[in-house]
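Undergrad: I'd like to ask some things about the structure below.
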Amino acid sequence: MPIRRLPETLVNQIAAGEVVERPASAVKELIENALDAGARRVDVSLRDGGKALIAVTDDGCGMTREELELAVERHATSKLPDDDLVHIRHLGFRGEALPSIAAVARVTLTSRQSGADEAWALVVEGGKQQKPKPAALDRGTRVEIRDLFFATPARLKFLKQSRTETGYTLDIVKRLAMANPSVAFSLEEDGRDHLRLPAGQGDFFDQRLKRLSAIMGREFGENALPIEAEREGIRLSGFIGLPTLNRSTSQLQYLFVNGRPVRDKLLYGAVRGAYRDFLAHDRHPLLALFLDIPPDEVDVNVHPMKAEVRFRDQGVVRGLIVSACRHALAEARHRASTTVAEGALGAFRREQPGNYAGSYRGSALPRGLSDRGFDYQAPLSGLAGEPLAPDGSARSIDGAPEEPSGPATDFPLGAARAQLHETYIVAQTADGIVIVDQHAAHERLVYERMKEQMAGAGVARQILLIPEVVELEQEDARRLADRAEELAALGLVLEAFGSGAVVVREVPALLGKLDVQGLVRDLADELSEMDQALALTERLGEVCGTMACHGSVRAGRRLAAEEMNALLRQMEATPHSGQCNHGRPTYVELKLADIEKLFGRR
């Protein structure tokens, strides 16, 4: 067939297929235009999920009659004043959005330039442009898109139900609102409000946190850690959630580059790396990170919808994100999220309001209690007869002395008062109680000490008086023997012992007395699931976590009162002790006021 030029209308429809995938795509382009025009308020209105009507109104600088006509021509833009595609400082710059949308829908643009005497309106239907006419508009620009994809019915068939399409649009508006907390946003559909965010006031950092809390939820605002870091001219800011505030998907992870919402594998990978020591592989933190980078260090022109970017130096960007997030998590020390306490209080509450504990009559006992009472250890005499010191003084749970520094109830985690079911430590604080999972807490302490030793002179080892032979599957034994040198750096010295066994000669000293057989078998299982090309130092979390688990105080072990207090003091002094290696909380804190509410005293 001979080569021919495509009609202009068909060219625009093809471009629309790249730029406008669904109503949400059109809304994104229009809001970006409004923000580039200096808008301080953006209102979005939908009908039938955007398929029947999309209306975006802003109070930006507006356009003249001549600019209206240019705005619907391909590759016409006000965003590249110097024709420079390297230093891009606007959200939109391609000049394709409006002509592409107008090629597949019925579009009415109404605009009034700041200081102008009148507004002008321009109608374009399926790419056919009419003459501008005078119109009524106070200020800014209003774009109405009716019957989206009427000119390309095939594309219309692939749209989802109205509720689903509205959800996509809501997500887009939320992302752009996060990046612009000083701008007011609203979204309504068929007369019903989906989002209404006032413009932020005061300090920009406070504005941002309030905007994020309004969108991501109150829980995030209460448990967010601030991020502020800079490296080689690249600035990172924003907020990340405590590890104990996590979700099963990464849906509540928002990343922005120069104010542009992006979905970038490099950035998501950096976040996973930062939380690697704190969350299981199937759990994801909540966060919103904002990267400000010189325009010539990032290419935003690699995707038709500008949803992806390419960095000139990926290593610097990744390193900045990982180090900044880890520093913020370390600063949080033993803090756990407020959702832990809220979940515990919710579990205590009865389904029927007013049915308070302690209001039982007759011979019936509350569910879960027997006539033998609670199973707990005496609160004042310890578990081996040791008296509980009133100031909370104690020896370390690993034998090192612990100096008192005031009444134990004044410490963040309080003074130990009891051990329940030989698993949970109950402590009294100045204004409530703390319940600690002794195994999860000590596992984190051991893990952090192993990491500290690894970063220093190496993990201290102790020689076994009698080397222990562990029999394994032949392949498991081979894997362990192949990694013997790396395991030795972690404090575990072993070597092959025949074809289906290894002999263990030294173990990490800080693990104390442990089940060597169980530890080696668990490590063999870990290695079987790892990429053999990766060094163990790259999978330090899994390996050290397994070792720490075997070296921790087990559930079912009775602790003396001084040991319980020592564990609490060590938790207060150890970073990240508020969660175990899998992101689960190590303790729950209940305030006295909340407990009194449970019993109807407030």
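Undergrad: Counting only residues 5 or more places away or on other chains, whose amide H sits under 5 Å from the amide H of L286 once H atoms are built in the peptide plane?
TA: G241
Undergrad: On full extension of the chain, what length is gained from T64 through R192, given 0.36 nm per residue of separation minus the C-alpha to C-alpha distance?
TA: 42.8 nm
Undergrad: PRE reach from L465 (point 7 Å along Cα→Cβ): which of the range 490-521 fall under 18 Å by backbone N?
TA: Those under the cut-off are 504-517.
Undergrad: Also: Starting from the Cα of S323, step 7 Å toward the Cβ, then list every residue of the range 219-237 with an amide N under 17 Å from that point.
TA: Within reach of a label on S323: 227-237.
Undergrad: Let me ask something else about it. Based on the alpha carbon coordinates of the range 204-331, what radius of gyration and maximum Cα-Cα distance (Dmax) apply, in Å?
TA: So, for the range 204-331, Rg and Dmax equal 13.9, 40 Å respectively.
Undergrad: List the lysines whose alpha-carbon lies under 27 Å from that of K131, not counting same-chain residues fewer than 8 positions away?
TA: K28, K51, K79
Undergrad: Provide the per-residue ³J(HN,Hα) series for the range 21-30, in order, calculated from phi with Karplus coefficients 6.51, -1.76, 1.60 and θ = phi - 60°, each as a whole number of Hz, with x at glycine and proline positions.
TA: In residue order, the calculated couplings are 8, 7, x, 4, 5, 5, 4, 4, 4, 5 Hz.
Undergrad: Further, regarding this structure: Give me the net charge for the shell around I293: Cβ to Cβ below 10 angstrom, other residues only, Lys and Arg +1, Asp and Glu -1. Walk me through the numbers on the way to the answer.
TA: Numbers: positive: R235, R312; negative: E232, D292, D296, E297, D313.
Combined, the nearby Lys, Arg, Asp and Glu give -3.
Undergrad: Here's something else I'd like to know. Give me the Å³ per residue figure for the convex hull around the C-alpha atoms of the range 148-198.
TA: So the per-residue Cα hull volume is 95 Å³.
Undergrad: Let me ask you something else. If I model a spin label as a point 7 Å beyond the Cα along the Cα-Cβ vector, how far apart are those points for A593 and R47 in nm?
TA: According to this spin-label approximation, the distance is 4.9 nm.
Undergrad: I've got another one for you. At most 15 other Cβ atoms within 10 Å and a DSSP loop assignment: could you name the GluC sites (Glu not before Pro) in the range 142-221 that fit? Present the calculation step by step, with values, prior to reporting the outcome.
TA: Numbers: sites: E144, E165, E188, E189, E219; in loops: none.
The qualifying sites: there are none.
Undergrad: Report, to one decimal in Å, the Kirkwood hydrodynamic radius for the range 147-281 based on all distinct Cα pairs. Before the final figure, lay out the partial values.
TA: Numbers: mean 1/r = 0.0582 Å⁻¹.
Taking the inverse mean of 1/r over all distinct Cα pairs, the range 147-281 comes out at 17.2 Å.
Undergrad: Still on this structure, please answer the following. Skipping prolines and chain starts, which residues have an amide H placed within reach, meaning under 5 Å, of the one on A460, given they are 5 or more residues away or on another chain?
TA: HN-HN under 5 Å from A460: A509.
Undergrad: Okay, next question. Taking the Cα centre of the range 204-331 as the origin, how large is its charge dipole in debye, to the nearest 20, when only Lys and Arg (+1) and Asp and Glu (-1) carry charge on their Cβ atoms? Intermediate results must be reported in sequence, preceding the final value.
TA: Working: 18 positive and 16 negative charges, 77 e Å.
Using Cβ point charges on Lys, Arg, Asp and Glu, the range 204-331 gives about 360 debye.
Undergrad: Based on the mean of other beta carbon atoms within 10 Å per residue, what is the order of 481-487, 30-36, most packed first?
TA: Details: 481-487: 15.4, 30-36: 23.3.
Those peptides, ordered most packed to least, come out 30-36, 481-487.
Undergrad: Place a point 7 Å from the Cα of E331 along the Cα-to-Cβ direction; which residues of the range 248-282 have their backbone N under 12 Å from it?
TA: The answer is none.
Undergrad: In nm, what is the difference between 0.36 nm times the number of residues separating F204 and E495 and their Cα-Cα distance?
TA: That works out to 98.9 nm of additional length.
Undergrad: Okay, moving on. Do any trypsin sites (Lys or Arg not before Pro) in the range 103-210 lie in a loop, going by DSSP, with at most 11 other beta-carbon atoms within 10 Å of their beta carbon, and if so which?
TA: Details: sites: R106, R112, K128, R139, R142, R146, R155, K157, K160, R163, K174, R175, R192, R196, R208, K210; in loops: R139, K160.
Listed in order of number, the matching sites amount to none.
Undergrad: Please find the FRET efficiency linking D292 to K513, where r is the Cβ-Cβ separation and R0 is fixed at 45 Å, and quote it to the nearest 0.05. Kindly include the intermediate steps, with their values, before the conclusion.
TA: Values: r = 52 Å, r/R0 = 1.16.
That gives a FRET efficiency of 0.30.
Undergrad: Run the numbers for A136 and A481: contour at 0.36 nm per residue of separation, minus the present Cα-Cα distance, in nm.
TA: Values: separation 345, 0.36 × 345 = 124.20 nm, distance 8.06 nm.
Gain in length upon complete extension: 116.1 nm.
Undergrad: Using alpha carbon centroids, what distance separates the range 480-524 and the range 108-147, in Å?
TA: What the calculation gives is 75 Å, centre to centre.
Undergrad: I need the P(r) histogram for the range 435-513: all alpha carbon pairs, bin width 5 Å from 0 out to the longest distance, whole percents.
TA: For the range 435-513, the binned pair fractions read 3, 15, 21, 19, 17, 15, 7, 3, 1, 0 percent.
Undergrad: If packing is taken as the average number of other Cβ atoms within 10 Å across a peptide's residues, how do 499-506, 511-518, 443-450 rank, most packed first?
TA: On the way: 499-506: 16.5, 511-518: 14.9, 443-450: 24.1.
Ranking the peptides 499-506, 511-518, 443-450 by packing returns 443-450, 499-506, 511-518.
Undergrad: Compute the FRET efficiency between I3 and D117 as 1/(1 + (r/R0)^6), taking r as their Cβ-Cβ distance and R0 = 56 Å, and round to the nearest 0.05.
TA: On the way: r = 50 Å, r/R0 = 0.89.
Rounded to the nearest 0.05, the efficiency is 0.65.
Undergrad: Something else: Quick one: net charge around V322, please, counting Lys, Arg +1 and Asp, Glu -1 for every other residue with C-beta under 12 Å from its C-beta.
TA: Working: positive: R231, R272, R276, R318, R326; negative: D277.
Counting the neighbours of V322, the net charge comes to +4.
All of the numbers you see were taken from the coordinates with simple rules; none came from a lab. These figures come from a predicted structure and were not determined experimentally. Cβ atoms come from the backbone with ideal geometry, glycine included; neighbour counts cover every protein chain shown.
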